[in-house]
1. Just to verify a result, which residue in the stretch 4-20, among those that are under 21 Å from Ala38 (Cα atoms) and in contact (Cβ under 8 Å) with a residue 12 or more places away in the chain, is surrounded by the fewest Cβ atoms within 10 Å (Cβ to Cβ)?
2. Of all residues in the stretch 21-55 being of a type in the set (S, T, N, Q) and within 13 Å of the chain's Cα centre (by Cα), which is surrounded by the fewest Cβ atoms within 10 Å (Cβ to Cβ)?
3. Within the stretch 45-61, which residues are modelled with pLDDT of 90 or more and under 15 Å from Cys26 (Cβ atoms)?
4. Before we move on, is Ile31 of a type in the set (Val, Ile, Thr) and at pLDDT 80 or above?
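The values are calculated or read from the model by the stated rules, or taken from the named source; none is laboratory data. Here the structure is a predicted model, which means the values were calculated and not measured. Note that each Cβ is placed from the backbone with ideal geometry, even for glycine, and that neighbours are counted across all protein chains shown.
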Amino acid sequence: MLEVGTRAVHILGITEHPTAPWATQCTRNLIADLGERAGEFHHLIRDRDAKFTGAFNAVFTSKNIEVKKSAPQAPKMNAYPNVIPFPAQRKQGEPVLGGLVNEYRRAS
């Protein structure tokens with residue numbers, strides 16, 4: 001998840017086979033981690049993936065965060081995730097995603 005205002009990136013979880021219950025639990029964990037800061041968020045723009053069910057949306061709406069779906073077939077509407085800055089220092093030869101996964105595991 002990307003905070004547009006601060007460009008802070010929250011890695012909610014990593015799995016080979018994400019499911020709707022897994023995505024919902026990741027959002028519960030995010031809201032718990034944010035604590036009082038959750039009130040600073042007003043909107044969530046998400047894509048139309050089937051993993052994002054009513055239960056997923058309910059986690060955000062319970063904190064008064066309005067959930068909006070991106071328009072169908074509008075790739076420029078979801079442009080922010082494509083400009084996420086990656087850590088400047090990585091081990092040489094380490095793939096970017098691999099570096100993020102390793103950082104996530106170290107932080108957990």
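1. Quick first cut of the stretch 4-20, residues under 21 Å from Ala38 (Cα atoms) only: 4-13.
Next, only the ones that are in contact (Cβ under 8 Å) with a residue 12 or more places away in the chain stay: 4, 7, 9-13.
Details: Val4: 9, Arg7: 11, Val9: 13, His10: 12, Ile11: 14, Leu12: 16, Gly13: 14.
Within the stretch 4-20, the match that is surrounded by the fewest Cβ atoms within 10 Å (Cβ to Cβ) is Val4.
2. Asn29
3. Lys51, Phe52, Thr53, Ala55, Phe56, Asn57, Ala58, Val59, Phe60
4. Numbers: of a type in the set (Val, Ile, Thr): yes; at pLDDT 80 or above: yes.
Spelling it out, Ile31 is indeed of a type in the set (Val, Ile, Thr) and at pLDDT 80 or above.
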